[in-house]
There are 4 protein chains.
Amino acid sequence: MKGSPVEIYDTFAEAWTLEVSRVLLTAMTAELAMGAAHQFAGAAGSSMIGSRLNAGIERAAAPHETPDNRPGVFVSMAHVPDSREALLKEIELRVALASLVPTVTIFDAAIPGVTTVSINIHDKFAMSKERWAEKDTERAAAGRVMCVVPTTTGEFLYEKTLKISVDGTDGHFVCFAVNAASAVAAILAAKEAIVAVDGVAPMGYGLEQVFRELDYIPSLRTQVEDSKIPEGVESVLNLLMFGASADVMAKAMGLSLNAAAQVPGVVALTAMNFGGQFGKHKYHLREVMQ
Amino acid sequence: MKGSPVEIYDTFAEAWTLEVSRVLLTAMTAELAMGAAHQFAGAAGSSMIGSRLNAGIERAAAPHETPDNRPGVFVSMAHVPDSREALLKEIELRVALASLVPTVTIFDAAIPGVTTVSINIHDKFAMSKERWAEKDTERAAAGRVMCVVPTTTGEFLYEKTLKISVDGTDGHFVCFAVNAASAVAAILAAKEAIVAVDGVAPMGYGLEQVFRELDYIPSLRTQVEDSKIPEGVESVLNLLMFGASADVMAKAMGLSLNAAAQVPGVVALTAMNFGGQFGKHKYHLREVMQ
Amino acid sequence: MKGSPVEIYDTFAEAWTLEVSRVLLTAMTAELAMGAAHQFAGAAGSSMIGSRLNAGIERAAAPHETPDNRPGVFVSMAHVPDSREALLKEIELRVALASLVPTVTIFDAAIPGVTTVSINIHDKFAMSKERWAEKDTERAAAGRVMCVVPTTTGEFLYEKTLKISVDGTDGHFVCFAVNAASAVAAILAAKEAIVAVDGVAPMGYGLEQVFRELDYIPSLRTQVEDSKIPEGVESVLNLLMFGASADVMAKAMGLSLNAAAQVPGVVALTAMNFGGQFGKHKYHLREVMQ
Amino acid sequence: MKGSPVEIYDTFAEAWTLEVSRVLLTAMTAELAMGAAHQFAGAAGSSMIGSRLNAGIERAAAPHETPDNRPGVFVSMAHVPDSREALLKEIELRVALASLVPTVTIFDAAIPGVTTVSINIHDKFAMSKERWAEKDTERAAAGRVMCVVPTTTGEFLYEKTLKISVDGTDGHFVCFAVNAASAVAAILAAKEAIVAVDGVAPMGYGLEQVFRELDYIPSLRTQVEDSKIPEGVESVLNLLMFGASADVMAKAMGLSLNAAAQVPGVVALTAMNFGGQFGKHKYHLREVMQ
């Protein structure tokens, strides 16, 4: 079904260290939980061009996976280590925004086996005074300490203390395709694949075309030196993601690359790097695809 | 968040033996796979009122779960044992209908650990001659024998032999609620819960109101003898599902009952039975909810 | 954005006369209405290969468009004139199946300005006796005569008399593309376009690859005489639709062809015909695209 | 189907003047356009609690409604008049974020008949230099002046000049219901209704529970003076929206109130006001519902 085979470049994705927070939003229905997740994770595609947060929707959670037995959605957020304060401040804002969506509860959902620091955002930002006019109370639920805010539909709950993985990382690869239809279908399939890896989320929408890397722009092929674009490639698209650890990211890289390789019109899969001098992590495509 | 507690009746759901076939439809994109699944499983809510099939969409499959590394959807179909021929004939029609949706492939997806019979539907219904004008070929893929039909977009593949579980069963419970909004939200949440159990699907849309059981109709409370509807209950809704074995069904019953119990306005959870004389299976609510 | 221009063949789609029924399913929420629509219109992609009905989901209806001010979905069904009895019988079954989905009501939604015959399906199929044990009542609502069936969640209503357009028609065109990703994206965009034309629905999923037309199968290019497939075309996909009149179909053909022409990798747009001897309708591509 | 009638309070919603910008995001497929819209309009539920923007997704656009004949999504953004600079700056950021989503184009989509000011955001924010390293070009398309940025998948286009309605307004009403399931279903149906009014969008997710209005919180009924919550009401939910003019908002208020009134468990519909001293606009519920 796939005509010619896809070339896998013998190269690696160079990735940075990120600090990553992962939460679970639950609600009365799956539709409400997804609505809240879009609100919570929006406008957060890439902090490099000015958004205040990197964030993404990971996947829906079935009721038995959640502490309150309700449908949910996993959402992750990330920032570079130097910007931890900015990350926390933006998370605090988004918790407050999520308080508007009826029936929502927010739990910490850090994956196990990762080095984390715990931050009580409720206290740090004096949310009781600044946000809730001291009308909030505290309740223990499933071994967690929840802030309980009375609302017009009932209550809004959130876990006071969130964990931040200090071993997070981004991940990415590049799809060379004959046209945009193939590039988009391939990276959409790749994005479906990472749903299987807890702790890894797309960064924003995940399918990311870039302007900044001029050597990857087909229409500038003859105008820039050292264009990376081979003959026959008219469209190039990245899957951009991030995760709570290098282990989960390596797995997500492998699954997503293998999925992208199945789509007609994909010519080659490669990845961006800067020789490995800058990023702590190197994900070799041929290794992670095994 | 949930005001008053939900009463769980000390009773059981009485369930019949069903023959169940489970397939996996894969496609180039998740959107195409879901489109094919709706086509494949449609108009199949309840054979008791005249549909030719009981069928339901189970869940999306991530690429790494599928033999061809593409996004997919699990779909199950069922019939009473006496109607195996009708079940197979309808499956054959739906395979042919699925051949219209571009890039689709159909794999058998019987869950492990279940007693099955294998049926080569390709041969049984002479599909090569009757459907494909003998233009089809055969290809081995991932240890499976696939029929390959050339199509306008490429190829349509399906696994020639499907397995039928002979240990299948239906499952169901009844939600008593203060109104339709609560009943619907509760059974939607319950339906989300069964996504977690491979081998269990909603029957049709899954949320099933019935006309036939007059003693469960609130507006007939005073017109029928032995109405089952307590005071304060104005809406009653069933989750109707089926699965490949009693084990998976018991698990699905438990998860879905626990999810339904979280929704505001749910008064009680119960189940229909006929004293246990007819159905082979009995799912006791309080047991499966543990 | 679209590299090379798309060739529009100077040809026409040959279309048959169909009888078409159009209904509106409303429910408490948009999600329930769409669930009912999938149930109602499923397994109905193409009666030519054995399904009992041609049917498709047209579009969602906003509450103010519906007689009961609730969210809804327009669904259409069709059959060849000789098969009116089969069409009606299948509609009756699907009305009964829709009765299972909570809060659903079914209204006739024939578009104005079309020649119709009116059929009281309630009486014709003795539904009161055969389906509802004579527990149903009648109610006038918004100038319509509704059958009211008490159900476990409240009531199921359907309009007793449906109108059948006798001037219906199918519609279709063929997209030649460089690969399946382009063909699928183009026909998906085309399908989005027909949402704008009341009275026109996709037939089943709408994106239809076919096996029967061997001269349109790229992989058989060298094996069949008179292959229609030009060099460079590796994937061919149809948009298959039907509508209540030739007027609405001509409009839908134009809008959908223009939408398909915007997608990268589309080489040409054409249509199937048999010289115009068989079908009553001829939709000339270049005319309808004006 | 709706037991007891819904009480409509004889009161009005008091609304402020807002400045509103409306854009149309188009893409190769409807799925991409919606992904871009979520990215573009995210984290923008309510500027009153700290988000940098009020924004919402209005509805999908069919290809024939868009200047480039592709599927699209209408998105609106708003701010109080004093914050025009903040609004424009945030729009500039979100245009840049949208540039990451493959195949996206952004058009101004101001509705006709409204007083607007035109702002060339491209020039105002020196986007050519600050964002695109002066690699962008200009192209006239459909009577519009577009900025064309070469990207890895092809091109990103946006209209350089956006119009801002200076006659915008918010809109809102309050649903009193027996529980959260009813309140949510009612306001979801109401949100479906405003899809029919061009120029009106939900603010963020639209279904807004609030913490700040203590007299509307059922659980504080006995703790605050002058609680507005009648007996039997356990859940209260707002539909919060905004629009480009008072005319379109009055229409949207009427349609959405009528839709909410159909849902079981809704007790009354009312609206918040402060006596009419502050807001320029008054939407009387009983008038707009006519």
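Bear in mind that the values in this text are calculations on the coordinates, not laboratory data. Because the structure is predicted, anything quoted here is derived from the model rather than measured. Neighbour counts are summed over all protein chains in view; Cβ atoms, including those assigned to glycine, are modelled from backbone coordinates with ideal geometry.
Candidates A:Val224, A:Val195: the one that is β-branched (Val, Ile, Thr) and either on the phi > 0 side of the Ramachandran plot or surrounded by fewer than 21 Cβ atoms within 10 Å (Cβ to Cβ) (or both) is A:Val224. Taking region B:186-215 as the range and being within 9 Å of chain A (Cβ to nearest Cβ), assigned to a loop (DSSP other than H, G, I, E, B) and either without any contact (Cβ under 8 Å) to a residue 40 or more places away in the chain or closer than 19 Å to B:Gly42 by Cα (or both) as the test, only B:Val195 passes. Here A:Thr115 fulfils each of the conditions (1) of a type in the set (Ser, Thr, Tyr); (2) within 20 Å of D:Ser235 (Cα to Cα); (3) surrounded by fewer than 18 Cβ atoms within 10 Å (Cβ to Cβ) apart from (2).
For (1) within 17 Å of A:Leu97 (Cα to Cα); (2) in contact (Cβ under 8 Å) with a residue 40 or more places away in the chain, each residue gets a yes or a no:
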position	(1), (2)
A:Thr17	no, yes
A:Leu25	yes, yes
A:Gly35	yes, yes
A:Ala62	no, no
A:Pro71	no, yes
A:Ser76	yes, yes
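May I ask you to list the residues in region C:169-185 that are surrounded by 24 or more Cβ atoms within 10 Å (Cβ to Cβ) and within 11 Å of chain A (Cβ to nearest Cβ)? Answer for region C:169-185, where residues must be surrounded by 24 or more Cβ atoms within 10 Å (Cβ to Cβ) and within 11 Å of chain A (Cβ to nearest Cβ): C:Ala177, C:Asn179, C:Ala180, C:Ala181, C:Ser182, C:Ala183, C:Val184, C:Ala185.
Each row is one residue, and each column tells you yes or no for (1) in a helix (DSSP H, G or I); (2) touching a helix residue (DSSP H, G or I) at 6+ places or on another chain (Cβ under 7 Å); (3) over 19 Å from C:Ile49 (Cα atoms).
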{"site": "B:Val75", "(1), (2), (3)": "no, yes, yes"}
{"site": "B:Asp82", "(1), (2), (3)": "yes, no, yes"}
{"site": "B:Leu87", "(1), (2), (3)": "yes, no, no"}
{"site": "B:Leu97", "(1), (2), (3)": "yes, yes, no"}
{"site": "B:Val101", "(1), (2), (3)": "no, yes, no"}
{"site": "B:Ile106", "(1), (2), (3)": "no, yes, no"}
{"site": "B:Gly113", "(1), (2), (3)": "no, no, yes"}
{"site": "B:Ile119", "(1), (2), (3)": "no, yes, yes"}
{"site": "B:Asp123", "(1), (2), (3)": "yes, no, no"}
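Restricting attention to region C:5-20, the residues that are of a type in the set (Asp, Glu) and more than 30 Å from C:Lys89 (Cα to Cα) add up to 2. Got at least one residue in region D:118-139 being farther than 18 Å from D:Ala259 by Cα, surrounded by 24 or more Cβ atoms within 10 Å (Cβ to Cβ) and either more than 13 Å from chain A (Cβ to nearest Cβ) or among the acidic types (Asp, Glu) (or both)? For region D:118-139, residues farther than 18 Å from D:Ala259 by Cα, surrounded by 24 or more Cβ atoms within 10 Å (Cβ to Cβ) and either more than 13 Å from chain A (Cβ to nearest Cβ) or among the acidic types (Asp, Glu) (or both): absent.
Inspect all residues belonging to region C:161-168 and state whether any of them is in a strand (DSSP E or B) and touching a Leu at 6+ places or on another chain (Cβ under 6 Å). Yes, that holds for at least one residue.
When region C:125-153 is limited to residues that are in a strand (DSSP E or B) and touching a Phe, Trp or Tyr at 6+ places or on another chain (Cβ under 8 Å), the one that is nearest to B:Val184 (Cα to Cα) turns out to be C:Pro150. Within region D:13-62, the set of residues being hydroxyl-bearing (Ser, Thr, Tyr), surrounded by 24 or more Cβ atoms within 10 Å (Cβ to Cβ) and more than 8 Å from every other protein chain (Cβ to nearest Cβ) comprises D:Ser21, D:Thr26. Among the numbered conditions (1) over 18 Å from D:Ser245 (Cβ atoms); (2) in contact with a Pro (Cβ under 8 Å, 6 or more places away or on another chain); (3) not charged (D, E, K, R), the only one that D:Ile194 does not meet is (1). Filtering region C:63-72 to residues that are facing another protein chain (nearest Cβ under 8 Å) and either part of a loop (DSSP other than H, G, I, E, B) or among the small types (Gly, Ala, Ser) (or both) leaves C:Asp68, C:Asn69, C:Arg70, C:Pro71.
In this structure, B:Ile119 qualifies as touching a residue at least 40 places away in the same chain (Cβ under 8 Å) and more than 17 Å from the chain's Cα centre (by Cα). Every condition in (1) of a type outside the set (Phe, Trp, Tyr); (2) crowded, with 21+ Cβ neighbours inside 10 Å; (3) not in a loop (DSSP other than H, G, I, E, B) is met by B:Glu287 except one, and the failing one is (2).
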